[in-house]
1. Order the peptides 199-212, 179-192 from the highest to the lowest mean number of other Cβ atoms within 10 Å of their residues.
2. Taking only protein heavy atoms and a 1.4 Å probe, what accessible area per residue, in Å², does the chain have with all protein chains in place?
3. Along the positive direction of the dipole of the chain (beta-carbon charges: Lys, Arg +1; Asp, Glu -1; about the Cα centre), which of Leu247, Val175, Val299 reaches farthest?
4. Return the loop-located chymotrypsin sites (Phe, Trp or Tyr not before Pro) in segment 71-140 (DSSP other than H, G, I, E, B) with at most 14 other Cβ atoms within 10 Å of their own Cβ; answer none if there are none.
5. Are there trypsin sites (Lys or Arg not before Pro) in segment 48-91 that DSSP puts in a loop and that have at most 12 other Cβ atoms within 10 Å, and which ones?
6. Could you sort 162-170, 296-304, 275-283 so that the peptide with the highest average Cβ count within 10 Å comes first and the rest follow in order?
7. Measure nothing fancy, just the Cα-based angle from helix 384-395's long axis to the longest principal axis of the chain, in degrees from 0 to 90, nearest 10.
8. Quickly estimate the mean residue ellipticity at 222 nm for the chain, helices only: each DSSP H run with n ≥ 4 gives -39500 (n - 2.57), and the total goes over all residues, rounded to 500.
Amino acid sequence: MSGTPPPPGGFVRRVGLFQATAINMSQMCGIGPFVTIPLMVTAFGGPQAVVGFVAGAVLALCDGLVWAELGASMPGSGGSYVYLRQAFRYRTGRLMPFLFVWTAMLFIPLIMSTGVVGFVQYLGYLDPGLGRSAGDLIGLGVIALVVLLLWRGIEHIARITAVMWAVMIMSVLLVIVAAATHFSPHMAFTYPAGAFNVMSNHYWLGFAAGLTIGIYDYLGYNTTAYMGAEIKDPGRTLPRSILLSILGIMAIYLLLQIGTLGVVDWRRMADPHDIASTSVASAVLEETWGRGAADTVTVLILVTAFASVFTGLLGGSRVPYDAARDRVFFRPYEKLHPRHRFPVLGLATMGVITAVGFLIGRHTDLATLIQLLTTVMVIVQALAQIVALTVLRRRRPDLPRPYRMWLYPLPSVVAFAGWCVIYGYADENSPGRRPVEWSLAWLALGCVAFLVWARRERVWPFGPKETDEEAGEVRTALAGRGHA
């Protein structure tokens, strides 16, 4: 079945399995590995950096299983908002879903801003004389173009995404093939002394930094969960799109990481004055097939970076819609475009925050931006959602689950531990930047905004006074499900 009919004036289910997987993979891959391979090498201090990508893959897979079960059970626009709403309304009422939307309005655009930073970095390979001011203006122009392209119906966007996904796959495969033709096992597998000294605090500090970078590279496996109301047969399509995209990107990343280390000396990647530290994929092509090939693939990488920002804002802009419609967030965010049926204010807001995040990343550094966005999302999304899965299994055993987590609860435990490691080491890996304090400050500001919102709406903000009808339980958990 293609799913139950959408409510009048609501979203339309037009995204199938291939398009859903393409949306996830475009967001996951994007510019990520092309700019973070040098960061990973620097964090680990050698080619043992591949451990970071493996650890990130394990965390993404375990966390992806959480998203798969929740997304299949409650496919609505907004992703985590829907799940947290159902799980925590018995204790905290509207607080947890409100805080999730509040934090998502920050960390999703920050993720997109890293893609724009990477875009400008690789553009600098084609134009070495590109100044900082010119790069800033180009990045802001890219963000404006993305928002403009998203200002249309989902059926047109799905076709655009499929084309950009093909370009992304082509650019990655070209880098992998080029590296394979000139691969040096000695360069890839010769490690410095003490590289795997697990008794050293230095190793675990590097591991935590590498895990943060690794999970950042995999972020996006949940993009279609934010679009649950627009997915055909979501009970089966959502879990499959999540798992297929994680497994596919896992294979691509390992080949890309190992291949790159076998062509470009890792010391070059750790040198901030070397082109390999900012445009490592271009450096691989230059070393193997020459400058002309490097320029061509760099153009494809620019398209890939653009695609990642495009798909990320596509899914992220849907987050506040359901919350506003259910009276759990500011009401203006429930407005859809009268013709193309997309959330107008959500897209506009995230476009603006993406621009601000881009400027922050340009005038600090990319590693700091990654640490900030991961710490912001840990408490209210990552950890809370894992808890929500267990809560719903206990409180709502009657909730139909077309997909159930394999080996439950082991993946939940592994994912919870991984996110705790990322959060616990965040300040040490960003000395002087204090990402944990910034994340807590944003959370505290969200609590204030929640109380202001509750007063304006004249609703009881906490506890079980919220009824099933107010929670939208029937609509999001039953009518929104796209399976028999």
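1. Packing proxy ranking, top to bottom: 199-212, 179-192.
2. 37
3. Value computed over the given set: Leu247.
4. Within segment 71-140, the qualifying chymotrypsin sites (Phe, Trp or Tyr not before Pro) (loop, at most 14 other Cβ atoms within 10 Å) are Tyr90.
5. Listed in order of number, the matching sites are Arg91.
6. In descending order of packing, they fall as 275-283, 296-304, 162-170.
7. Approximately 40 degrees, to the nearest ten.
8. Values: 21 runs with 324 residues, N = 484.
Mean residue ellipticity, 222 nm, calculated: -22000 deg cm²/dmol.
The values are calculated or read from the model by the stated rules, or taken from the named source; none is laboratory data. Not measured: the values here are computed from a predicted model. Here Cβ is always computed from backbone atoms with ideal geometry, including for glycine, and neighbour counts include all displayed protein chains. Only protein heavy atoms, including side chains, enter the accessible area calculation; ligands, DNA and RNA are left aside. Shrake-Rupley method; radii C 1.70, N 1.55, O 1.52, S 1.80 Å.
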